[in-house]
Amino acid sequence: MVQFFVIHGIAESAWARPYSWARNNISDLGNAHCALQPEPEPRYICSPEHDLMNVSFIVLGMLLVVGAALTGGLLWRRGPAAAAARLLLAGAGVGFVLVGLAPADVNENQHVLGALLIMAAGNIGLVLSGLGLAEHVPAPLRWGTSLLGITAFTAFGLFLSRHYVGLGMGGMERVAAFPLLFWALAVGVRGLLRSERRRDRALGGRGGPARRAGSSRRH
């Protein structure tokens, strides 16, 4: 997930005309051609690093799919809510891959399908994830996950209806798309820290008796 935000920054900094988080869509960074784009809001798009951005979309999508597939018993409880959440999150990953493979000015239909998978399937998946996460996941993270999904899905509806409530087109799109990425990053970091603690406990358990035996021999 970190690579996406790093490359996002690199791609936007390459624009001759300043890129705006409020006026520009995220996918403007991946457009392959320089041109005036009239819809949904008029803006001039010219992204020199579009190839790099599209690769980032694809990598991000693949990581989401792999994460949804492999976390299994590590993160999720058994049941239909967890299964549906993982399927929808994987669908969002497929959406990122489609967005990267089909820039909006190359294949608009495929690009729109990818965006729908990200912001519709992905955010519904977030809502369900709050119900499907394992019991060892702290309660604030579980209910916070559902709250993030509800917020992002509401923002998606406002984005589609062009009600940007002062955030601009790009700002509202980010409220609809970024919660999924922040959640995935937070869950990934928590998983790494939890694995590190388990490894430390396992090493301590194996080393403890040996250290105690060595100490007794010295005495």
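Summary table below
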read-out: Relative contact order, percent, the chain [alpha-carbon distance under 8 Å, six or more residues apart]; value: 19
read-out: Mean ellipticity per residue at 222 nm, deg cm²/dmol - from DSSP H runs of n ≥ 4 across the chain, formula -39500 (n - 2.57); value: -23500 deg cm²/dmol
read-out: On Cα atoms only, tilt of 168-218 relative to the major axis of the chain in degrees; value: 10
read-out: Net charge of neighbours whose Cβ lies under 12 Å from the Cβ of Ala152, counting Lys and Arg as +1 and Asp and Glu as -1; value: 0
read-out: Fraction of the pair-distance distribution of the chain above 30 Å, Cα-Cα pairs, percent; value: 32
read-out: Cα long-axis angle, helix 122-132 against the chain (0 to 90 degrees, to the nearest 10); value: 20
read-out: Nonlocal amide H pairs with Tyr44, under 5 Å, H built at 1.01 Å; value: Gln37
read-out: Estimated FRET transfer efficiency (Leu87, Val2; beta-carbon r; R0 25 Å; 0.05); value: 0.50
read-out: Accessible area of the chain divided out per residue, in Å², using a probe of 1.4 angstrom; value: 52
read-out: Local electrostatic count, Leu131, Cβ distance below 13 Å [Lys/Arg +1, Asp/Glu -1]; value: +3
read-out: C-alpha long axis of helix 80-101 to longest principal axis of the chain, angle in °; value: 50
read-out: Förster radius 25 Å - calculated FRET efficiency between Leu113 and His163, Cβ distance, rounded to 0.05; value: 0.60
read-out: Alpha-carbon gyration tensor eigenvalues x 5, square-rooted, for the range 93-195, Å; value: 26, 17, 11
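The values are calculated or read from the model by the stated rules, or taken from the named source; none is laboratory data. The structure presented is a predicted model; accordingly, all values stated were derived computationally and were not measured. With ideal geometry, Cβ positions are generated from the backbone for all residues, glycine too; neighbour counts draw on all protein chains shown. For accessibility, only protein heavy atoms count, side chains too; no ligands or nucleic acids. Shrake-Rupley method; radii C 1.70, N 1.55, O 1.52, S 1.80 Å.
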